[in-house]
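The values are calculated or read from the model by the stated rules, or taken from the named source; none is laboratory data. Since the structure is predicted, the reported quantities are computational estimates derived from the model, not experimental observations. Neighbour counts are summed over all protein chains in view; Cβ atoms, including those assigned to glycine, are modelled from backbone coordinates with ideal geometry.
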Amino acid sequence: MDNIKELADAIYRDKVRVARTIDPAERIKTGLDLYEYARSICMAGIQHQFPDYTEEQRRHEFTRRIELRRRFDESDLKKIVEARK
């Protein structure tokens, strides 16, 4: 388990080092690209889970899931879950 944490820490440090060399405009573009990629995966999952949904219903479900995540991140439940790790 310690080896995994050490590896994860090393990977994180390397990512930070690389990110610091990228100019701010490229970082923003990369962030937007990652968001679009994650969004497309989530939307595909929603379409698979609810094949009869219209595009509007899929967008609504996506927004609902983002809101649930935001509320979880701001909740005491997140603190409880993290405390158990």
Output for Cβ contacts, cut-off 9 Å, separation at least six or different chains, first residue modelled with pLDDT of 95 or more in segment 46-66, second aromatic (F, W, Y), reads I46/Y53; I46/F62; Q47/Y53; Q57/F50; R58/F50; H60/Y53; E61/F50; E61/Y53
State the number of residues belonging to segment 26-44 that are surrounded by 11 or more Cβ atoms within 10 Å (Cβ to Cβ), among the charged types (D, E, K, R) and within 14 Å of the chain's Cα centre (by Cα). 1
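Condition check: part of a helix (DSSP H, G or I) and surrounded by 10 or more Cβ atoms within 10 Å (Cβ to Cβ). Does H60 satisfy that?
Details: part of a helix (DSSP H, G or I): yes; surrounded by 10 or more Cβ atoms within 10 Å (Cβ to Cβ): yes.
Yes: the conditions hold for H60.
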Which condition does L77 not pass, out of (1) among the hydrophobic types (A, V, I, L, M, F, W, C); (2) surrounded by fewer than 11 Cβ atoms within 10 Å (Cβ to Cβ); (3) at pLDDT below 90, if it passes all the others? (2)
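Filter segment 1-12 for residues that are loosely packed, with under 10 Cβ neighbours inside 10 Å and either under 21 Å from the mean Cα position of the chain (by Cα) or of a type in the set (A, V, I, L, M) (or both) and give the result.
M1, I4, K5
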